[in-house]
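Colleague: Quick one: this structure, given as C-alpha cells, is what I'll be asking you about.
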Amino acid sequence: MRREPANRISEKGLTVWRIHGIFYTLIVLAPAIAASVLAYIFEGPIWIYIVSAAAVILAAYLLIFLFPKIRWQRWRYEVRETEIELQHGLFIVKRTLVPMVRVQHVDTSQGPILRKYGLSGITVSTAATNHEVPALQMEEADELRSRISVLARVAEDDV
C-alpha cells in the first residue's frame with residue numbers, strides 16, 4: 001500500500017473551518033429559538049426547550065470542534081512529477097490520483113474569510129471534474145499553482 005501524501009494544509013484552515021461551523025450552528029440555532037418561542041407562547045411541554053438546547057449544543061460541538069479537527073487531520077496532498085495525490089474525508093477517507101497529463105488548468109481562489117487569514121485554495125481542473133486543495137498559505141498556493149502548471153505542460157509535451 002502506498003504511503004499517504006506528505007503535505008498538510010495550513011493549520012489556519014482549521015480556524016477557517018471552525019468559523020464556518022459557527023455560521024452553520026447559527027442556522028441550527030434559528031429553528032431552535034423558533035421552537036422555544038412557540039413552546040413559550042402556546043405553553044408547550046418543557047421537553048421542547050431541552051431538545052432545542054441539546055440540538056444546538058450538539059451541533060456546536062460537532063460543527064465547530066470535532067468535524068473541523070478531523071477534516072484538518074485527514075486533509076493531505078502531494079504534487080509529484082507525474083501526478084497529484086489528494087487525501088480527504090471526514091468519515092470516509094478518499095484518496096485521489098490526478099495524472100498531470102489530465103490537468104487542463106489550475107486556479108487559486110480566496111474568499112473573505114480565507115483572505116483574513118492569509119490563505120488561498122487551489123482548484124485543479126481536468127476534463128471530467130475539479131479537485132480542490134483548500135486553505136494553503138497564499139505564497140504556497142501561488143507556488144503550487146505555478147509548479148502544477150509547469151508539470152502539466154511538460155506532461156502534455158511528452159504525450
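Colleague: Looking at the range 105-130, I want the residues that are closer than 17 Å to Arg145 by Cβ and have a partner that is part of a loop (DSSP other than H, G, I, E, B) and β-branched (Val, Ile, Thr) with Cβ atoms under 6 Å, at least 6 apart or on another chain. Which pairs are those?
Modeller: Close Cβ pairs (under 6 Å, with a partner that is part of a loop (DSSP other than H, G, I, E, B) and β-branched (Val, Ile, Thr)) amount to Val124/Val103.
Colleague: When you go through (1) over 15 Å from the mean Cα position of the chain (by Cα); (2) modelled with pLDDT under 95; (3) of a type in the set (A, V, I, L, M) one by one for Ala32, which number turns out not to apply?
Modeller: (2)
Colleague: Given the residues Leu86, Leu90, Leu63, which is the only one that is modelled with pLDDT of 95 or more and out of contact with any Gly (no Cβ under 9 Å at 6 or more places or on another chain)?
Modeller: Every option except Leu86 fails the conditions.
Colleague: Residues to consider are Arg2, Arg71, Arg76; find the one that is touching a His at 6+ places or on another chain (Cβ under 8 Å) and open to solvent by 60 Å² or more (accessible area, probe 1.4 Å).
Modeller: Being touching a His at 6+ places or on another chain (Cβ under 8 Å) and open to solvent by 60 Å² or more (accessible area, probe 1.4 Å) holds for just one of Arg2, Arg71, Arg76, which is Arg71.
Colleague: Restricting attention to the range 121-139, which residues are within 16 Å of Arg76 (Cβ to Cβ) and either open to solvent by less than 70 Å² (accessible area, probe 1.4 Å) or among the small types (Gly, Ala, Ser) (or both)?
Modeller: Hits for the range 121-139 are Gly121, Ile122, Val124, His131, Val133, Pro134, Ala135, Leu136, Gln137.
Colleague: A follow-up question, please. Which of the residues spanning the range 1-34 are assigned to a helix (DSSP H, G or I) and either of a type in the set (Asp, Glu) or over 30 Å from Leu119 (Cβ atoms) (or both)?
Modeller: Answer for the range 1-34, where residues must be assigned to a helix (DSSP H, G or I) and either of a type in the set (Asp, Glu) or over 30 Å from Leu119 (Cβ atoms) (or both): Pro31, Ala32, Ile33, Ala34.
Colleague: What's the number of the only condition in (1) within 18 Å of Tyr77 (Cα to Cα); (2) more than 14 Å from the chain's Cα centre (by Cα); (3) open to solvent by 50 Å² or more (accessible area, probe 1.4 Å); (4) not aromatic (Phe, Trp, Tyr) that Lys94 fails to meet?
Modeller: The single condition Lys94 does not satisfy is (2).
For (1) farther than 30 Å from Val103 by Cα; (2) out of contact with any helix residue (DSSP H, G or I) (no Cβ under 6 Å at 6 or more places or on another chain); (3) free of Cβ contacts under 8 Å to residues at least 12 places away in the same chain; (4) not charged (D, E, K, R), each residue gets a yes or a no:
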position: Arg3; (1), (2), (3), (4): no, yes, yes, no
position: Arg8; (1), (2), (3), (4): no, yes, no, no
position: Tyr24; (1), (2), (3), (4): yes, no, no, yes
position: Ala34; (1), (2), (3), (4): yes, yes, yes, yes
position: Trp47; (1), (2), (3), (4): yes, yes, yes, yes
position: Ile50; (1), (2), (3), (4): yes, yes, yes, yes
position: Ala55; (1), (2), (3), (4): yes, no, no, yes
position: Phe65; (1), (2), (3), (4): yes, yes, no, yes
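Colleague: Also, I was wondering about something else. Starting from the range 80-100, take each residue that is over 14 Å from Ile148 (Cα atoms) and assigned by the TED database to the domain that holds Thr126 and list its partners that are surrounded by 12 or more Cβ atoms within 10 Å (Cβ to Cβ) and among the aromatic types (Phe, Trp, Tyr), counting only C-beta distances under 9 angstrom and pairs at least six apart or across chains.
Modeller: Gln87/Trp75; Gln87/Tyr77; His88/Trp75; His88/Tyr77; Gly89/Trp75; Leu90/Phe67
Colleague: Inside the range 35-52, can you point out the residues that are part of a helix (DSSP H, G or I) and either β-branched (Val, Ile, Thr) or open to solvent by 50 Å² or more (accessible area, probe 1.4 Å) (or both)?
Modeller: Val37, Leu38, Tyr40, Ile41, Trp47, Ile48, Tyr49, Ile50, Val51
The values are calculated or read from the model by the stated rules, or taken from the named source; none is laboratory data. Predicted model, so just to flag it, every value in this text is computed and none were measured. Methodologically, a virtual Cβ is constructed for each residue, glycine included, from the backbone with ideal geometry; neighbour enumeration extends over all protein chains shown. Areas reflect the complete protein model, heavy atoms only, side chains present, ligands, DNA and RNA absent. Shrake-Rupley method; radii C 1.70, N 1.55, O 1.52, S 1.80 Å.
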